Every structure is written in structure tokens, then in C-alpha cells.
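What follows is one structure encoded as C-alpha cells, with my remarks underneath.
The values are calculated or read from the model by the stated rules, or taken from the named source; none is laboratory data. Just so it is clear, the structure is predicted and the values come from calculations on it, not from any experiment. Positions of Cβ are generated from backbone atoms using ideal geometry, with glycine treated the same way; all protein chains shown enter the neighbour counts. Ligands, DNA and RNA are stripped out before the accessible areas are found, and what is left, the full protein with its side chains, is counted by its heavy atoms. Shrake-Rupley method; radii C 1.70, N 1.55, O 1.52, S 1.80 Å.
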Amino acid sequence: MASILMSRQMDRAGTAVSQWRREMPGLPLEGMEILGRISEIGLRVARDHIEPLIAAHGLQRPELDAILTLRRAGPPYRLTPTQLFEAMMMSSGGMTSLVDRLERQGLVARAPNPEDRRGTLVGLTEAGHDLTEALVPAMVARQTQAVAALNPAERAMLSQLLAKLLAGV
């Protein structure tokens, strides 16, 4: 009983929905409860599992996202700044300062784009590649730990349901 009470106290979406049911009976609050829990899970996983890992490597989340985006692009691990900021969903101005920071850290390098004389490519350096090789398995392990409360069938079902929900919004 104490563990159920503890998990209820940690379930801010559930608490908020209970309060709204009391204050405004009859409202269909399932969406609020589901989306609130999804948001809370994302915040907790980032705060407790991912942020400490990347901070230990002297990075911030946008910097990590950039080097991981370059690594996911496959060899030769280079993208145009436009491709990079579109993949990361950030502004081009923000991308310029982000690439500047990563370049100062020696994790990326700019090079002329052979297909566009006016353009540049942003690519992982050897240090950037080595960092992603160390970080990705550690991140995956932490993400796996974060969903360990669900068995494999539950994880598969949840993933399918979330994909369906995402397609619907």
C-alpha cells in the first residue's frame, strides 16, 4: 500500500486530474492524464538519466542532439547546416552558434561543400565520432533502465500505441 501511495504522490498528472474531477466534474480528462504522464516521463528520464550523462561529458542537450544527428546520418557523418537544423528542428541562427560551440570543442569541423561552392558541410571530427561511440550505448542502457518496469510485450504494445497516438496528432 505504501508503494502505491508513493507512486500516486509522484504521479503529478494523476493528482491534477483528480483535482480537476473534483473541481469540474464531468470533463473528459483522459487526454490530460495521458499527455501529462507522457510529459512527466520525458522530463524525468531527461533529468535523471540523460542530462547527468551528457553533463559529465561537458555537453548540453542541443550539442548532444547535433553530434548524434551527424552520427545517425552515416558515413561520412556530414550534413549541410540546413540539413542539420531541419533534422533538429531549430532556427538557422541558433544552429550557427551551436556549430561554433561544437567546433571550439573539437567535436565538429566545417568544410567546403563540393556540391555547392557557396555552401559548407558540418562534419564530426574523430573526437566527435569517438564521443558518440561512447555516449550512445550509455544512453541506450539508461533508456532501457527507464522502461524496465514494463515487460517486453508491454514495451512493444506501448511503442505501437504511442506511434498511433503520434500519427493522430
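Across region 88-106, what is the number of residues that are in contact with a strand residue (DSSP E or B) (Cβ under 7 Å, 6 or more places away or on another chain) and either hydrophobic (A, V, I, L, M, F, W, C) or at pLDDT below 95 (or both)?
Result for region 88-106: 2.
Taking region 68-79 on its own, how many of its residues are in a helix (DSSP H, G or I) and closer than 22 Å to Glu115 by Cα?
4
Taking Ala148 as meeting all but one of (1) in contact with a strand residue (DSSP E or B) (Cβ under 7 Å, 6 or more places away or on another chain); (2) under 30 Å from Ile34 (Cα atoms), write down the number of the exception.
Ala148 satisfies all of (1) in contact with a strand residue (DSSP E or B) (Cβ under 7 Å, 6 or more places away or on another chain); (2) under 30 Å from Ile34 (Cα atoms) except (1).
Just the residues that are over 22 Å from Gln145 (Cα atoms) and of a type outside the set (A, V, I, L, M, F, W, C), please, taken from region 26-59.
Once the filter is applied, which keeps residues that are over 22 Å from Gln145 (Cα atoms) and of a type outside the set (A, V, I, L, M, F, W, C), region 26-59 yields Gly26, Pro28, Glu30, Gly31, Glu33, Gly58.
Got a sec? Which of Leu121, Leu166, Leu161 is in contact (Cβ under 8 Å) with a residue 12 or more places away in the chain and more than 18 Å from Gly58 (Cα to Cα)? Working first, answer last.
Working: Leu166 fails: in contact (Cβ under 8 Å) with a residue 12 or more places away in the chain; Leu161 fails: in contact (Cβ under 8 Å) with a residue 12 or more places away in the chain.
After ruling out the rest, the residue left standing is Leu121.
Quick one: is Thr96 among the hydroxyl-bearing types (Ser, Thr, Tyr), surrounded by 15 or more Cβ atoms within 10 Å (Cβ to Cβ) and in a helix (DSSP H, G or I)?
So Thr96 fails the test.
Filter region 130-169 for residues that are within 23 Å of Leu107 (Cα to Cα) and part of a loop (DSSP other than H, G, I, E, B) and give the result.
Of everything in region 130-169, nothing turns out to be within 23 Å of Leu107 (Cα to Cα) and part of a loop (DSSP other than H, G, I, E, B).
Residues checked against (1) at pLDDT 95 or above; (2) crowded, with 18+ Cβ neighbours inside 10 Å:
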| site | (1), (2) |
| --- | --- |
| Arg47 | no, no |
| Glu63 | no, yes |
| Thr69 | yes, yes |
| Phe85 | no, yes |
| Arg110 | yes, no |
| Gly123 | yes, no |
| Ala127 | yes, no |
| Glu133 | yes, no |
| Ala141 | yes, no |
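Could you tell me whether region 80-89 includes any residue that is aromatic (Phe, Trp, Tyr) and not in a helix (DSSP H, G or I)?
no
Can you confirm whether Thr144 is within 26 Å of Gly42 (Cβ to Cβ) and β-branched (Val, Ile, Thr)?
The answer is yes for Thr144.
Identify, from the list Pro75, Pro81, the residue that is more than 19 Å from the chain's Cα centre (by Cα) and open to solvent by 50 Å² or more (accessible area, probe 1.4 Å).
One residue alone meets the criteria, Pro75.
Among the candidates Arg37, Arg110, Arg72, Arg61, which residue alone is under 30 Å from Ser18 (Cα atoms) and basic (Lys, Arg)?
The match here is Arg37.
Report, by residue number, each residue of region 119-165 that is in contact with a Ser or Thr (Cβ under 9 Å, 6 or more places away or on another chain) and either on the phi > 0 side of the Ramachandran plot or of a type outside the set (S, T, N, Q) (or both).
Going through region 119-165, the residues in contact with a Ser or Thr (Cβ under 9 Å, 6 or more places away or on another chain) turn out to be 119-122, 124.
Of everything in region 119-165, those that are in contact with a Ser or Thr (Cβ under 9 Å, 6 or more places away or on another chain) and either on the phi > 0 side of the Ramachandran plot or of a type outside the set (S, T, N, Q) (or both) turn out to be Gly119, Leu121, Val122, Leu124.
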